[in-house]
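Written out below as structure tokens is the structure these notes cover.
The values are calculated or read from the model by the stated rules, or taken from the named source; none is laboratory data. Because the structure is predicted, anything quoted here is derived from the model rather than measured. Counting neighbours? That spans all protein chains shown, and the Cβs are built from the backbone with ideal geometry, glycine included.
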Amino acid sequence: MAETPQEFYDRVVAASTDGRLPVPSSVTDSEIFPFETEGLRVRPLSPPVLPEPPRAGEEGGAPCARCALGEEQALWGDERWLLVPPGEPVGLPFAALLMPREHLDFGELDGGLAAELGRLLVAIERAVKTLDGVARVHVNIWGDGGEHLHVWFLARPLGLLQLRGSCLPDWLDLLPARPAEDVAADQRAVVDALVVSYGGHSLIDQ
């Protein structure tokens with residue numbers, strides 16, 4: 001039988017010392033963990049908040065920024081999808097979010113959109129890997145901040161082995177931003193490759 005949120009919280013607190021779980025060496029000893037461990041502590045787990053506050057785009061939450069923007073700032077699009085850059089400059093070779101034009105969450109995609117999403121995930125990954133110096137493309141869905149589906153694509157630089165795996169989003173917040181002209185050139189290259197391989201059209205400079 002599944003735990004209630006309160007049962008989950010109580011179990012974690014019971015395993016804690018002074019409200020804090022121990023820092024696991026399996027995480028901190030890994031070469032992909034971006035922080036030195038001296039003085040590192042796990043934050044106490046906060047009690048469950050029920051009902052959860054609405055996400056952006058949900059009833060009672062902040063308005064959906066992507067719906068308000070439409071194609072503005074987008075890199076690529078077709079009749080049903082948009083590829084957009086993150087809101088802030090990043091230090092990775094490439095970062096972007098794939099979003100449906102319609103305000104839909106992941107589980108609300110119908111069969112046709114779900115099939116298109118699968119093909120697009122592969123097509124975008126291949127387009128990003130045409131860039132020099134890209135080793136892997138991480139594809140992630142979290143969705144806790146906004147209701148409008150947004151699939152992240154994060155390019156890991158070739159040879160930067162500390163940036164492998166699940167800590168890459170943490171490095172994303174730490175790395176200094178690349179020069180704007182380099183970012184723009186790589187965005188154009190990815191979009192051009194995507195148009196050739198999948199279709200759609202570039203929205204850069206429109």
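Answer with yes or no whether Ser16 is touching a Pro at 6+ places or on another chain (Cβ under 9 Å) and modelled with pLDDT under 95. Yes.
Per the listing Leu98, Leu120, Leu83, the residue uniquely of a type in the set (A, V, I, L, M), over 20 Å from Cys167 (Cα atoms), touching a residue at least 60 places away in the same chain (Cβ under 8 Å) and assigned to a strand (DSSP E or B) is Leu83. Scanning segment 44-61 for residues that are farther than 23 Å from Leu149 by Cβ and surrounded by 10 or more Cβ atoms within 10 Å (Cβ to Cβ) returns Pro44, Leu45, Pro47, Pro48. Answer yes or no as to whether Gly77 is at positive phi, touching a His at 6+ places or on another chain (Cβ under 9 Å) and either in the same structural domain as Ala180 (by TED's automatic domain parsing) or touching a residue at least 24 places away in the same chain (Cβ under 8 Å) (or both). Taking the combined requirement at face value, the residue does not satisfy it. Just one of (1) more than 30 Å from Gly61 (Cα to Cα); (2) outside any helix (DSSP H, G or I); (3) modelled with pLDDT of 95 or more fails for Asp205. It is (3).
Could you please find all residues in segment 138-160 being assigned to a strand (DSSP E or B) and in contact (Cβ under 8 Å) with a residue 24 or more places away in the chain? Within segment 138-160, His138, Asn140, Gly146, Val151, Trp152, Phe153, Leu154, Ala155, Arg156, Pro157 qualify. Check segment 143-150 and report whether any residue there is touching a helix residue (DSSP H, G or I) at 6+ places or on another chain (Cβ under 6 Å) and either outside the structural domain of Phe33 (by TED's automatic domain parsing) or buried (at least 18 other Cβ atoms within 10 Å of the Cβ) (or both). Within segment 143-150 (the criterion being touching a helix residue (DSSP H, G or I) at 6+ places or on another chain (Cβ under 6 Å) and either outside the structural domain of Phe33 (by TED's automatic domain parsing) or buried (at least 18 other Cβ atoms within 10 Å of the Cβ) (or both)), the answer is yes, since at least one residue qualifies. You will find that of Arg188, Arg178, the residue that is among the basic types (Lys, Arg) and without any contact (Cβ under 8 Å) to a residue 60 or more places away in the chain is Arg188 and no other. Condition (residue is loosely packed, with under 13 Cβ neighbours inside 10 Å, at pLDDT 95 or above, outside the structural domain of Arg156 (by TED's automatic domain parsing) and more than 23 Å from the chain's Cα centre (by Cα)) applied to segment 62-70: is it met by at least one residue? No; the residues of segment 62-70 include none that is loosely packed, with under 13 Cβ neighbours inside 10 Å, at pLDDT 95 or above, outside the structural domain of Arg156 (by TED's automatic domain parsing) and more than 23 Å from the chain's Cα centre (by Cα). I'd like the residue in segment 161-182 that is among the hydrophobic types (A, V, I, L, M, F, W, C) and part of a helix (DSSP H, G or I) and, out of all such residues, is farthest from Ser30 (Cα to Cα). Checking each candidate, the answer is Ala180. A single entry from Phe35, Phe94, Phe8 fulfils the requirement of being within 24 Å of the chain's Cα centre (by Cα), outside the structural domain of Pro169 (by TED's automatic domain parsing) and not basic (Lys, Arg): Phe35. When segment 6-43 is filtered for residues that are of a type in the set (Ser, Thr, Tyr), under 20 Å from Pro169 (Cα atoms) and surrounded by 11 or more Cβ atoms within 10 Å (Cβ to Cβ), the ones remaining, listed by number, are Thr28, Ser30, Thr37. Considering segment 153-170, and only residues there that are in contact with a helix residue (DSSP H, G or I) (Cβ under 8 Å, 6 or more places away or on another chain) and surrounded by fewer than 20 Cβ atoms within 10 Å (Cβ to Cβ), the residue that is farthest from Lys129 (Cα to Cα) turns out to be Gln162.
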